[in-house]
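Worksheet for the structure shown next.
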Amino acid sequence: MTSSNHFELLGGEGLARTGILTTPHGPVRTPAFMPVGTAGAMKSLHWREVRDAGTDIVLGNTYHLMLRPGAERIAALGGLQKFTGWNGPMLTDSGGFQVMSLSQLRKVSESAVRFRSHIDGVSVELSPERAIEVQLLLGSDIAMQLDECVRLPAERGDIERAMQLSLRWAERSKRAFEAAPPGTLLFGIAQGGDVPELRQASARGLVEIGFDGYAIGGLAVGEPQAVMLTMIEETAPILPEGRPRYLMGVGTPEDMLEAVARGVDMFDCVLPTRNGRHGVAFTRFGPVNLRNARHADDPRPLDEESKWPSTRDCARAYLHHLVKSGETLGAMLLSEVNIAYYQRLMHDIRDAIAQRTFSGFRQRTLAGWAGGDIAPR
């Protein structure tokens, strides 16, 4: 298999790949799911539960951490790993998603994005150079270029303008990254919305600049799943085989399974913890909504064959009671159940690819989710 000095492909079946990504804080097995610890914390979970579930790498966010507690403060305290107690690899999102999600609080120009802080209203500028500087101060293992993400649907002109701006920012991010410590990695981000030729142009432009890994951004922002998968198919083949491919902000178990089949190696999403806080558990039978009254007298666990204690030992009736009562323990238990399920799914995907049985595993897994009580997407 094709390899680089930081990413080794160990096996494949069709377009699906499994490998090892080397970072300053340790190896990452791929395909990998990164739980989201936006502000340096995993909502409802302790880091040891995240680690025990099989997580290799987590995600933090440049925008939020630069506002509070501040990148310089975190650097003075030893970096994100020491500051948080997570002693493993960490990827930091550059803040580009906030360019979209905080649209009422920002102004985009060629030089930078100017935000009005959602915390105290103070004006803050985030340029490609500052985004890299902040991520290096945080001590990130994998830094992301600053980009502009456009919520779909959008006019082609707006999509193309943001894509071209993101390419120019990619060049500036690459130059700023020259000050990075040895071993730290920089990923470029392909944009282009739902327009195939713009996706292709973005991917080719990034490859020409040259990055340690490549992300596919600007998806899972309102488009149908079929559109997302088509954009992956348009983008992934252009990206170098020997570099990791990261689908940003995705997603559901089904999204990840389908994206792996199209050559994606890394994912992140808030769904496991967010859905856990709202009473939804992910299981091999599909999502289970513990708010539903039909669980009130159900003594069965979520999955009696699971290796994760809370999934195997807690009665659905008890979980229903916790959720309906608004008990914090309910959010904690379901969040850990969901992270454990996501990481087990990644483990099983890696094994299936290595054994070249991924196609059958994919079909069986999709069929097994039919037993849930809410739609998977």
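Values for this structure:
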{"item": "Search result, residues across the range 180-203 that are out of contact with any helix residue (DSSP H, G or I) (no Cβ under 6 Å at 6 or more places or on another chain) and loosely packed, with under 15 Cβ neighbours inside 10 Å", "result": "Pro181, Pro182, Gly183, Glu197"}
{"item": "Residues of the range 353-362 classified as more than 18 Å from Ser306 (Cβ to Cβ) and either touching a Leu at 6+ places or on another chain (Cβ under 9 Å) or surrounded by 15 or more Cβ atoms within 10 Å (Cβ to Cβ) (or both), total", "result": "4"}
{"item": "One residue from Leu239, Leu229 being surrounded by fewer than 22 Cβ atoms within 10 Å (Cβ to Cβ) and free of Cβ contacts under 8 Å to residues at least 60 places away in the same chain", "result": "Leu229"}
{"item": "Criterion (touching a helix residue (DSSP H, G or I) at 6+ places or on another chain (Cβ under 6 Å), closer than 24 Å to Pro181 by Cα and not polar (S, T, N, Q)) met by exactly one of Gly26, Gly95, Gly37, Gly78", "result": "Gly95"}
{"item": "Residue count, the range 24-35 (criterion: surrounded by fewer than 22 Cβ atoms within 10 Å (Cβ to Cβ) and either at negative phi or among the β-branched types (Val, Ile, Thr) (or both))", "result": "4"}
{"item": "Residues of the range 191-223 satisfying the condition of being in contact with an Asp or Glu (Cβ under 9 Å, 6 or more places away or on another chain) and part of a strand (DSSP E or B)", "result": "Gly213, Ala215"}
{"item": "Qualifying residue in the range 49-58 (condition: closer than 27 Å to Leu152 by Cα and part of a strand (DSSP E or B))", "result": "yes"}
{"item": "Meets criteria (within 20 Å of the chain's Cα centre (by Cα), of a type outside the set (Lys, Arg) and over 26 Å from Tyr246 (Cβ atoms)) for Leu334", "result": "yes"}
{"item": "Residue satisfying all of: in the range 232-280; β-branched (Val, Ile, Thr) and over 13 Å from the mean Cα position of the chain (by Cα); farthest from Asp348 (Cα to Cα) among these", "result": "Ile238"}
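This table checks each residue for (1) out of contact with any Leu (no Cβ under 6 Å at 6 or more places or on another chain); (2) of a type outside the set (Ser, Thr, Tyr); (3) part of a helix (DSSP H, G or I); (4) modelled with pLDDT of 85 or more.
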position	(1), (2), (3), (4)
Phe97	yes, yes, yes, no
Met100	yes, yes, yes, no
Ile119	no, yes, no, no
Leu146	yes, yes, no, yes
Ala154	yes, yes, no, yes
Arg161	yes, yes, yes, yes
Ser166	yes, no, yes, yes
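The values are calculated or read from the model by the stated rules, or taken from the named source; none is laboratory data. Model, not experiment: these values are computed from the prediction. We place every Cβ from the backbone using ideal geometry, glycine too, and count neighbours over all the protein chains shown.
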